[in-house]
Amino acid sequence: MKKIGVYPGTFDPITYGHIDVVERSLKIVDKVIIAVSGFQRKNFLFSVDERVELIKGVFKSNKSVKVESFDGLLVDYLKERNINIIIRGLRAISDFDYEFQMVLINRKLNRNVETIFLMPREEYFYISSSIVKEIAKLNGNISCFVPKNVEIALRKKFKEVKNAESEKKTLKK
């Protein structure tokens, strides 16, 4: 029986750090499902469908990676698919505090669930989706942080946002 792990997150957008965690996890599990959360606890730049498509574009040639979206509790998503392995990336102590809390909650909700923590390579340790979006918004070079399809999507999205803001200003006059 194949070992399947679920790598949940918002991935708004996916970065090389996320990709590195997926690649590392494939040394432990046979298949990774990247589960893109649609839960609206924060304002996303990309819709859940856009995030899923961007990630599918990144992993299109890797048959060991599947991309899906989900709403609701992660433990319910895992239970529906009869999966009990969660994969999470850790970058800093602040990540650990949050992740430790989530492990305990998930374990309380489903004691069969195990969480594997993986650290990305050092060159990706400091990358976050938030920082990448900020750099992209200010027209900085993000090619070392995200794949080309994501870079193109970020540039397009911020151009659309800028155009919409310009139209609002014009209408107010």
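The values are calculated or read from the model by the stated rules, or taken from the named source; none is laboratory data. None of these values were measured; they are calculated from a predicted model. No Cβ is skipped: glycine too gets one built from the backbone with ideal geometry, and neighbour counts run over all protein chains shown. Quick note on the areas: whole protein, heavy atoms, side chains included, nothing else; ligands and nucleic acids left out. Shrake-Rupley method; radii C 1.70, N 1.55, O 1.52, S 1.80 Å.
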Point to revise | Cβ-derived FRET efficiency at R0 22 Å, residue 105 paired with residue 66, nearest 0.05 | key: 0.30
Check your understanding: For the chain, what is the charge dipole size about the Cα centre, in debye to the nearest 20, if Lys and Arg each add +1 at the Cβ and Asp and Glu each add -1 at the Cβ?
Key -> 360
Review point. Summing -39500 (n - 2.57) over the DSSP H runs of n ≥ 4 in the chain and dividing by its residue number, what mean residue ellipticity at 222 nm do you reach, to the nearest 500 deg cm²/dmol?
Key: -14500 deg cm²/dmol
Check your understanding: For region 51-116, which trypsin sites (Lys or Arg not before Pro) are in a loop by DSSP, counting at most 16 other Cβ atoms within 10 Å?
Key -> 60, 63, 91, 111
Review point. Relative contact order for the chain using alpha-carbon pairs under 8 Å, separation at least 6, rounded to a whole percent?
Key: 27
Review point. Across 10 Å bins from 0, what is the distribution of all Cα-Cα pair distances for region 83-153, in whole percents?
Key: 17, 36, 28, 17, 2
Revision key, fill the gap. Sparse-neighbourhood loop hits (chymotrypsin sites (Phe, Trp or Tyr not before Pro), region 113-145; DSSP loop; Cβ within 10 Å at most 15 others) -> 125, 126
Review point. When ligands, DNA and RNA are left out and all protein chains stay put, how many square angstrom of accessible area per residue does the chain have with a 1.4 Å probe?
Key: 63
Check your understanding: Given 5 Å bins starting at zero, what is the percent of C-alpha pairs of the chain in each, up to the one with the largest pair distance?
Key -> 1, 8, 16, 19, 21, 15, 9, 5, 3, 2, 1, 0, 0
Revision key, fill the gap. A convex hull over the alpha carbons of region 1-77 yields, per residue, a volume in Å³ of 88
Check your understanding: Leaving out ligands, DNA and RNA, what percent of the accessible area of the chain is carbon and sulfur, probe 1.4 Å?
Key -> 53
Check your understanding: Can you give the Kirkwood hydrodynamic radius of region 37-97 from its Cα pairs, in Å with one decimal?
Key -> 13.8
Check your understanding: residue 3 to residue 135: FRET efficiency via 1/(1 + (r/R0)^6), r the Cβ-Cβ distance, R0 25 Å, to the nearest 0.05?
Key -> 0.10
